[in-house]
Amino acid sequence: MLVTNKALMVPARKKGYAIGAFNVQNLESAQAVAEAAAEEKSPAILQITPSVIKYAGLPYISGLVKTAAQLSPVPLAMHLDHGEDFETAAKCVDAGFTSVMIDGSFLKFEENIALTKRVVDVAHPKGVSVEAELGKLAGIEERSVEEKDAILTDPKTAAEFVERTGVDMLAVAIGTSHGAYKFKSETKLDIERLKVISEKTSIPLVLHGASSVPQWLVEKATRFGASLGGAKGIPEEEIKKAIALGIAKINIDTDLRLAFTATVREVLAISPKEFDPRKILGPAKDAMKDVAKSKMRLFGSSGKAP
Ligand code: 13P
């Protein structure tokens, strides 16, 4: 069944666990996440970015996720990740997404409020939940306190933003960033800032850029020819601290991509005579499923499906 992010995340924040929001691009990634959720008896969010909509086409990719949800014994949500403008968010509301993100984090505070509120006004009447972002995702190493304050989520304005927009969940910037190269040296998040934001807001909070970039996956990909020097992610201990402070949705894209790539490389290297796409992509799907299952256990969502 297809449900909203809000329906999954409100109980998660209340009970101190988080829902994995996994980026999917194709049949294999959608099946990997749906099967992981079923095996872990975990709710899950399958999220689609505007660039995936360009790559796959909206009817194809939304059709895949809707089918996954129809066949699933556990609740799944279909979410637009990083909706870049009002039109994209509205199109996804019309296409049957149960949740959309409008990313106005690059705008000035008042403009972000106006854009977010516009999306809330078209989404809520159709029962679709809305995520917004305040602050910018960027590394915080070697930055001064003033620089951090300018980039990361300001706890003083978070409550006002939530109240004036009516948004259902808020993505916060506390030092994570997208991709496989999150830190040069110290791998730390601004947990103190999250604590204050969490005290001032009661809606579920979202952590983007939360892949851990497991070194065993980097090593596997490297063994079979990848070049990923310096790849580093968020330690699992930091993720647990964040969940304890109100993070109820955790976005994972990079770790699934790494699992996919490492396994495709392995199959092609070990079986040079193989040219059946199913024999190459099947093991890659299983590798993504294993990663998704381990995230569900780490986030505490395993066994939480009704
Ligand atoms: P990662 O690149 O850390 O997986 O983050 C993905 C993400 O936040 C998508 O919105």
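Can you show me the helix-derived [θ] at 222 nm for the chain, built from DSSP H runs with n ≥ 4 at -39,500 (n - 2.57) apiece and divided by the number of residues, rounded to the nearest 500.
Working: 13 runs with 156 residues, N = 306.
Estimated from H runs of four or more residues: -16000 deg cm²/dmol.
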Exercise. Starting from segment 202-306, pick out the trypsin sites (Lys or Arg not before Pro) whose DSSP state is loop and whose Cβ has at most 13 other Cβ atoms within 10 Å.
Key: LYS273
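For segment 86-139, what relative contact order do you get, as a whole percent, if you take Cα pairs closer than 8 Å and at least 6 residues apart?
Worked out over segment 86-139, it gives 42 percent.
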Quiz prompt | Radius 10 Å from Cβ of ASP286, net charge of other residues (Lys, Arg +1; Asp, Glu -1) | solution = -1
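For segment 65-206, which whole-number percentage of the solvent-accessible area (1.4 Å probe, protein heavy atoms only) is attributable to carbon and sulfur atoms? Display every interim value, and only then the final one.
Numbers: 3250 of 6130 Å².
Reported share for carbon and sulfur atoms: 53 percent.
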Quiz item: Where does the charge balance sit around MET9 when Lys and Arg score +1, Asp and Glu -1, over other residues with C-beta under 13 Å from its C-beta?
Solution: +4
Quiz item: In what order, largest first, do TYR60, TYR181 sit by accessible area if the probe radius is 1.4 Å?
Solution: TYR60, TYR181
Self-check item: Surface per residue (accessible, 1.4 Å probe) for segment 169-215, Å²
Solution: 37 Å²
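The values are calculated or read from the model by the stated rules, or taken from the named source; none is laboratory data. Because the structure is predicted, anything quoted here is derived from the model rather than measured. Cβ sites come from the backbone with ideal geometry, for glycine too, and all protein chains shown count toward neighbours. Surface accessibility is based on the protein's heavy atoms, side chains included, excluding ligands, DNA and RNA. Shrake-Rupley method; radii C 1.70, N 1.55, O 1.52, S 1.80 Å.
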